[in-house]
Amino acid sequence: MKALTANRLIDGEVVWLDRASAWVETLAEAQVLEGAAAEAEAFELAAAAVAGRLIVDPYLIDMERVEGALQPVRLRERIRASGPTMRPDLGKQARPRSSAA
Amino acid sequence: MYRYDEFDESFVSSRVAQFRDQVRRRLSGDLTEDQFKPLRLMNGVYLQLHAYMLRVAIPYGTLNARQMRKLAEVARTYDRGYGHFTTRQNIQFNWPRLQDVPDILAELAEVEMHAIQTSGNCIRNVTADHFAGAAADEVADPRPYAEILRQWSSLHPEFSFLPRKFKIAVTGAAHDRAAVQVHDIGLQLMRDEAGAIGFTVFVGGGLGRTPMVARKVRDFLPETDLLAYTEAILRVYNRYGRRDNKYKARVKILMHETGLETLRADIEREFQEVRSGVLDLPKAEVDRISAYFAPPPFVPEQAGEADAFARALASDPALATFAERNLAPHKAPGYASLTISLKPIGEAPGDASAEQMELVADLAETFGHDEIRVSHEQNLVLPHVRKADVPEIFRRLRGAGLAEANAGLITDIIACPGMDYCALATARSIPVAQRISERFAASGRQREIGDLKVKISGCINACGHHHVGHIGILGVEKKGEEYYQITLGGSGDENTSIGQIVGRGFSYDGIVDAVETVVDTYLGLRQSPQEDFLAAYRRVGDTPFKEALYGTA
């Protein structure tokens, strides 16, 4: 189980690819990729988004289901998805609403 | 302090215009990320975990109130209301938008600041003793030489694409507060028997994944040869430094692989080629630059002033504790250098809010001859304050949460941004520092422990200087979990040593207990309260600490 993430070019915001091929600011909206074909298709979209100057540095992250909720396996990616662990007032964790890139 | 001349002003302004155009071309698609990345890095712009990061240079850690206010304004207008002062005496903003960076750089240029050479394989911002020009034990002010090196190295065409980054530090006192022996070049100012100024020159120090203490290549380099000799070192490094492996590209590896005698001979040979030419440092130029750093007009100590200060301390224990830890001896009678700790208990080391920056700017203007320093220990310093003004400064600092009396104590922790911000980090640093700080929060306990430097890095690159911590902590990722390795006995002063790994690492939950075990072991074995942690460690070695931590040596 994976998701495709990147940073938005114009402001560096962490984004993920969603089911509608948009780049969204919240992990909960990310498309879960199962299998090589889905990953390859996602990378094609990412390549187009890189060429279109929307995102930079796309890469796959491992996901897992914990108590019913999807979350990144690595702490690094969990921090990217929420914000600095000692500053709940900063980053995505500080804003309840999401929006598409 | 140094003021830009017309050349500096036009150089920085044109650089801002150049980068504005580069950002425009990136956003319009004329530049790819591969083309743009080296350009943004040359202007201090990184891409970190959550956002871009802008690193702004604070040459040799010296700035004035106007500059500090501008940093506060940038924090408030373009960032999230705070900045992070770094172990290289710079400041980082963690949340700027790429499209805003040209405007930020333009604002910084208004107050003679920039982000040039804060990244990339060039000569980085030259660092210096944070008590420069003030310290009672100073041989000479290192800042004029740091400034000369800055001017010489800025966009030096020959040294803009070195094998790897290159860091120079200068100290003006025998007691090294600038950690010169863990820099690529370390310069220690001294006088010869005739009283002439010169430098002891160290080469090949560094931290990172291969920590090494620099080797002395010159006992005494005359002042006039500073640039010629530095250029010779850089030329030798540029020619022989490895470019095949970035992890073996620093000059410390060249020193290690080549050997001191051979490398020194190479440097001397090159030096003979370049000396007595355009790089000779004319006395008039040294004097011209030094004039920018002339001491402020110190007010002679008035009769009774010292007694009044002593009475103030006697009547206010909190002030007395603050003075004991956060005042450093000054060369002028009645003055002190005052450390403003950016390590309030439980807070992120090195962070300051825009409001705190503005308060420090106000204090510098009102009480400190308009001078502020950033220390490599991530604190701020008012280098020249009258002791008579300390009670009022303390009162105002306390109102802003900046009066922690912990300079040099266990809670005065260096910590890199770690995995809470940094794309390279493998573990968190700041929360570990915060938890240690909270564990040892009691002022009496800290002071009972005494001088103790704890330094934390969130990855092997060692931005938190853990190798030279009396207690060093290195965070790594192991099987998806954060683990923290403890090193003991490191030091970054004139008796530099690299800390030794004490044993297997500790979990995130266990690291604070482990540090406490180390501290309690020290308290149990020290010969007297005057024997500080490092002295005790050097006397007994690591065996008692291993036994305490692991139950076996």
Problem set entry | Within region A:5-56, considering residues that are among the hydroxyl-bearing types (Ser, Thr, Tyr) and surrounded by 18 or more Cβ atoms within 10 Å (Cβ to Cβ), the one farthest from the chain's Cα centre (by Cα) | A:26
Problem set entry | Count of residues meeting criterion [surrounded by fewer than 21 Cβ atoms within 10 Å (Cβ to Cβ), assigned to a loop (DSSP other than H, G, I, E, B) and at the interface with another protein chain (Cβ under 10 Å from one of its Cβ atoms)] in region B:398-440 | 1
Problem set entry | From the options B:452, B:488, residue that is touching a residue at least 60 places away in the same chain (Cβ under 8 Å), among the hydrophobic types (A, V, I, L, M, F, W, C) and over 19 Å from residue B:509 (Cβ atoms) | B:452
Problem set entry | Flag if residue B:134 is within 14 Å of another protein chain (Cβ to nearest Cβ), over 23 Å from residue B:8 (Cβ atoms), crowded, with 23+ Cβ neighbours inside 10 Å and not acidic (Asp, Glu) | no
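So that you can scan it fast, the table gives a plain yes or no per residue for (1) within 14 Å of another protein chain (Cβ to nearest Cβ); (2) hydroxyl-bearing (Ser, Thr, Tyr); (3) not in a loop (DSSP other than H, G, I, E, B):
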| site | (1), (2), (3) |
| --- | --- |
| B:35 | yes, no, yes |
| B:40 | yes, no, yes |
| B:77 | no, yes, yes |
| B:106 | no, no, yes |
Problem set entry | Filtered residue count, region B:232-269, keeping only those that are within 20 Å of residue B:121 (Cβ to Cβ), without any contact (Cβ under 8 Å) to a residue 60 or more places away in the chain, part of a helix (DSSP H, G or I) and of a type in the set (D, E, K, R) | 3
Problem set entry | Pair list, Cβ < 7 Å and 6+ apart or interchain, from region A:60-87 residues that are free of Cβ contacts under 8 Å to residues at least 12 places away in the same chain and closer than 13 Å to residue B:480 by Cβ to residues that are acidic (Asp, Glu) and surrounded by 14 or more Cβ atoms within 10 Å (Cβ to Cβ) | A:75/B:482
Problem set entry | Qualifying residue in region B:292-300 (condition: in a helix (DSSP H, G or I) and surrounded by 15 or more Cβ atoms within 10 Å (Cβ to Cβ)) | no
For this session: Scan region B:228-274 residue by residue and report those that are more than 28 Å from the chain's Cα centre (by Cα) and crowded, with 17+ Cβ neighbours inside 10 Å.
Result: B:258, B:266, B:270, B:271, B:274
For this session: Look through B:219, B:225 and report the one residue that is assigned to a helix (DSSP H, G or I), acidic (Asp, Glu) and either farther than 20 Å from residue B:165 by Cα or within 19 Å of the chain's Cα centre (by Cα) (or both).
Result: B:225
For this session: Report, ordered by the first and then the second residue, all pairs with beta carbons closer than 6 Å, sequence separation of six or more or different chains, a first member in region A:13-40 that is assigned to a helix (DSSP H, G or I), and a second member that is modelled with pLDDT of 95 or more and among the small types (Gly, Ala, Ser).
Result: A:27/A:81
For this session: Select from region B:156-186 the residues that are touching a helix residue (DSSP H, G or I) at 6+ places or on another chain (Cβ under 7 Å) and among the β-branched types (Val, Ile, Thr) and write down the one among them that is surrounded by the fewest Cβ atoms within 10 Å (Cβ to Cβ).
Result: B:168
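The values are calculated or read from the model by the stated rules, or taken from the named source; none is laboratory data. Source: prediction; values computed, not measured. Every residue, glycine among them, receives a Cβ derived from its backbone with ideal geometry; neighbour counts consider all protein chains shown.
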